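Some notes on the structure that comes next.
The values are calculated or read from the model by the stated rules, or taken from the named source; none is laboratory data. Note that this is a predicted model, so its numbers are computed, not measured. Don't worry about glycine lacking a Cβ; one is built from the backbone with ideal geometry, like all the others, and counts go over all protein chains shown. Ligands, DNA and RNA are stripped out before the accessible areas are found, and what is left, the full protein with its side chains, is counted by its heavy atoms. Shrake-Rupley method; radii C 1.70, N 1.55, O 1.52, S 1.80 Å.
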Amino acid sequence: MKWTYDWLKDYLNTDADAQTVSDTLTRIGLEVEDLQSPISPIAAKIVECKAHENSDHLHVLMVDDGTSTLRQVVCGAPNARVGLVSALAIPGCVIGGHEIQSGKLRGVLSDGMMCSGKELGISDDHSGIIELPEDTKIGSPVIETKTVFDAGITPNRPDYLSVRGIARDLSAAGIGEYIAPKDPDFESVSGTRKVVVKTDKCRAYKLIEISGINVCPSNKTIAGRLAAIGINPKNAPVDTTNYICYDMAQPMHCFDADQIDGDIVVRMAERGEKFTDLFGAEHELTDTDMVIADNTGILALAGVIGGTRGSTTEDTKNIILESAYFDPVSVRKSAKRLGLSTDASYRYERGIDPTITGVAAMRAADIIMSACGGKITSAFAAGTDTAPDIQIKYNPSYFLKKTGVDMPANIQQEILTALGYKISVSGDEWALRPMPARVDVQIPETIVADLLRIYGYDKVMKSASHTFGEVQYHDMHEMNIKTLLASRGLNECRSFGFGNLAIEQMLSDKPNVKISNPITADYDTMRNGLLFGLLYAVSNNEKRGFADLNLFELGTVFDGDMPGQQHPSVCIVRTGATSPKHWARRNRDVDIYDVKADLIALMQGQRFTVSSENAPLWAHPYRYGALMQGKNKIAEFGELHPSVAKKLRIKTNVVIAIVDDIKNIPAKRGGKQPVLSEFQPISRDFAFIVDADMPAEKLTSAAISSDNRITNAVVFDAFDMGDDKKSIAFTITIQPRDNMSDTDLQNLQSAIIASVEKKCNAQIRDK
């Protein structure tokens, strides 16, 4: 979104300079990516003019630009002569979209450029350099330059796509006083033409027909502002629709009325119907595309782009103005399918103010008639400008609950009123109605976000620094997890909160939350796990030669599409080699025990067993394990399934660990460190004969579960005995808490043998 400073001041009474405005906008949520204050061409007098030695039409000029040193300029204008006062663009000036620089022309240095009226944008004369009055002050600006803001708009703030919306937020932030515009109301005028709406995807449509115009250039203010933001002025009717689009965020279109056959019809296209846009490109439409048509055929693709037939020219005498509200999803689907992105579709896709179609049409008509003459011969309204009645219940204490900061209710009310909210107060319960342009406001959390950004995040952080509420505790828990994983050599990865349906169904059988209007086709769900984003990062890095990765992500995953149906999760991915090649040590590839060790570190001494049953879709069926507490799976680890790796085009070995809910990770909240036992640990070896398909971890888990003094069990031997039997031997570690007699130790060993034999259908091996 671009706009000029003088344009902003139409709606904001302020003395703040452009840099202050830029800083304030960035602080309250609209990041200004660029602030341009262009250099103006200046008046300069030619004091010497001689022929260029290497050209038959160029001149070498010495010009007085108001400084103590004459400037040399090479010029090809036929009217260049000694004594002429003209316009000089010094290096740094931008003329016709190009920045002027010092350089050589035919071997002679030119330190600037003398300009024609057309190059300055103030006339169509390009026959020679402009001739200024002799009494013009040398060195003074020739034209007024405009300071231009360029800001990145987030999808949730379509009101920022209008200069008025930006001015209102600046006013709420204390940068000035908002100047409410005095726009004319829409008044119907009976005529021979009307609008027929045949689809519910067009809520409102306004038509104004103006007859007897004389197409001419726009006034200097409008033309200058459009040129400054990169839109080439054409004529008053076309420029006005572009101007209203940026001024009010209401896209409009202008038709040549003499080329329209009958009434305007808003309908869905027929499958296979053809349409040629105003750039001459032909498109084949489907029955999901909304179009503007007449008796002859299609005039425009609704909300996206106009057509060749019906476009205005310099010979147009009668015009039809269109101002409408089109369904955002319908416009988005058509624009994306056809690969078209216009200023109109950009606004419709995000949602425009549904109440201003009539006001915008009347204001555009006034601007056009003031420049081109003519009169309104028809004004027809179809549909309604009524906005949905959005009422949000809000309690001022909700701000404290969400932020940990107690903002007084009167300050909250002042900020919300300045932002255009209508507030009905009943004790501590408020009913808030946002402006129709704020289509993003649906829930109380948006109210809190508005208060935060206007009040100031810096103030909130200072106020919250002494509190240790639930919000801060959760943040501290997440930070402890991240710190621990980082200390283990893992790098944090941050991926989008979206997923891809096809890949998610390949990774797990968890339910998918589909997005009805995805930003891109690759991200068509809300992610139900973090693995997709990390594998996508692995695939992209491997393509670029970076196969050795140690990544983790802690983020929100979604169980449903309702508030509260989400939870934080942790995913770890290690790939390639454990370390770079080195002469002093042998290198090896990562394996599942590396990520198992990561999980053990996270669990901070929690007791668990390991199960290899019910491997998920993403995991290799024979290289997988889950940390269990009873029947509760608290974490899982394994190697990526070869078929999944092949589909994602990953050739490197990938091992993965997942803690689906970070509630399963113990939180450090202070307290005393555990005291080491004064008794020495005791180790004992056991060997059992089991079925050939019995996993070793079942034996060790059964052994550990027999007594809480057993802290560890490690397999050290296994071999095939034939007859579908095998032997597994392991060592257990016992940590006594008091003196253990031989009888106590014998009883513990018996309990271990009994537990393993019962749970694993095993037999103790005595040889």
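Length, then width, then depth: along the principal axes, the Cα atoms of the chain run 116, 69, 58 Å. Ranked by solvent-accessible area (1.4 Å probe, protein heavy atoms only, all chains present), the residues D185, D591, D548, D169 order from largest to smallest as D185, D548, D591, D169. Sequentially through region 434-450, phi angles give Karplus couplings (6.51, -1.76, 1.60; θ = phi - 60°) of x, 4, x, 5, 8, 5, 7, 8, 9, 9, x, 4, 5, 4, 4, 4, 4 Hz, Gly and Pro residues having no value and appearing as x. Across region 616-734, C-alpha contacts under 8 Å between residues 6 or more apart give a mean separation that, scaled by the residue count, equals a relative contact order of 19 percent. From the square roots a ≥ b ≥ c of the eigenvalues of the alpha-carbon gyration tensor of region 72-178, which class results: rounded (a/c under 1.5), prolate (a/b over b/c), or oblate? Prolate. When all alpha carbon pairs of region 250-293 are counted in 5 Å bins from zero, the resulting P(r) reads 5, 18, 22, 28, 23, 4 %.
Taking all protein chains as they are arranged and a probe of 1.4 Å, the heavy atoms of R106 leave approximately 130 Å² accessible to solvent.
Ordered by 1.4 Å accessible area with all protein chains kept, Y346, Y11 run largest first as Y346, Y11.
Taking amide H as placed 1.01 Å from N in the peptide plane, I179 has its amide H under 5 Å from the amide H of L12, N13, each at least 5 places away in sequence or on another chain. Taken one residue at a time, the phi angles of region 328-341 give Karplus couplings (6.51, -1.76, 1.60, θ = phi - 60°) of x, 5, 4, 5, 4, 5, 5, 5, 6, 5, 8, x, 10, 9 Hz. Gly and Pro are set to x. Report, please, the projected area of region 309-383 averaged over directions, based on the convex hull of its C-alpha atoms, in nm². Spelled out: convex hull of the Cα atoms, projected over all directions, averaged, 6.3 nm².
Adding -39500 (n - 2.57) for every DSSP H run of four residues or longer, then dividing by how many residues the chain holds, sets the calculated 222 nm ellipticity at -8000 deg cm²/dmol. So, counting K/R as plus one and D/E as minus one, what does the shell of residues with Cβ under 11 Å around A502 add up to? The answer is -2. Annotation: peptides 43-55, 350-362, ranked by per-residue average of other Cβ atoms within 10 Å with the highest first, follow the order 350-362, 43-55.
Given K198/K317; K2/K146; K514/K633, which pairs have Cα atoms separated by over 21 Å? From K198/K317; K2/K146; K514/K633, over 21 Å: K198/K317; K514/K633. The lysine pair count for region 375-440, using Cα distances under 25 Å and pairs eight or more places apart or on different chains, is 5.
Per residue, the accessible area of the chain comes to 50 Å², computed with a 1.4 Å probe over protein heavy atoms only. Ranked by solvent-accessible area (1.4 Å probe, protein heavy atoms only, all chains present), the residues E273, E282 order from largest to smallest as E282, E273. Taking packing as the residue-averaged number of other Cβ atoms within 10 angstrom, the listed peptides 315-322, 615-622 run from highest to lowest as 315-322, 615-622.
Could you give the angle, 0 to 90 degrees to the nearest 10, between helix 357-372's Cα long axis and the longest principal axis of the Cα atoms of the chain? Its long axis makes an angle of about 30 degrees. A Förster radius of 25 Å combined with the Cβ-Cβ distance from A502 to R649 puts the calculated FRET efficiency at roughly 0.95.
Averaging Cα coordinates gives a centre for region 81-122 and one for region 671-737; these two points are 86 Å apart. The packing ranking of peptides 298-305, 597-604, highest mean first, is 298-305, 597-604, where packing means the average number of other beta carbon atoms within 10 angstrom of each residue. Taking a straight Cα-Cα cut-off under 29 Å and skipping sequence neighbours fewer than 8 places away in the same chain, the lysines within cross-link reach of K631 are K482, K510, K596, K663, K668, K698, K725, K726, K758, K759.
Accessible surface of region 610-766, 1.4 Å probe: 47 percent of it comes from carbon and sulfur atoms.
Taking trypsin sites (Lys or Arg not before Pro) across region 525-557, the ones in a DSSP loop with at most 11 further Cβ atoms lying within 10 angstrom of their Cβ are R544. Taking amide hydrogens as placed 1.01 Å from N in the peptide plane, the amide H of R623 sits under 5 Å from those of E639, each at least 5 positions away in sequence or on another chain.
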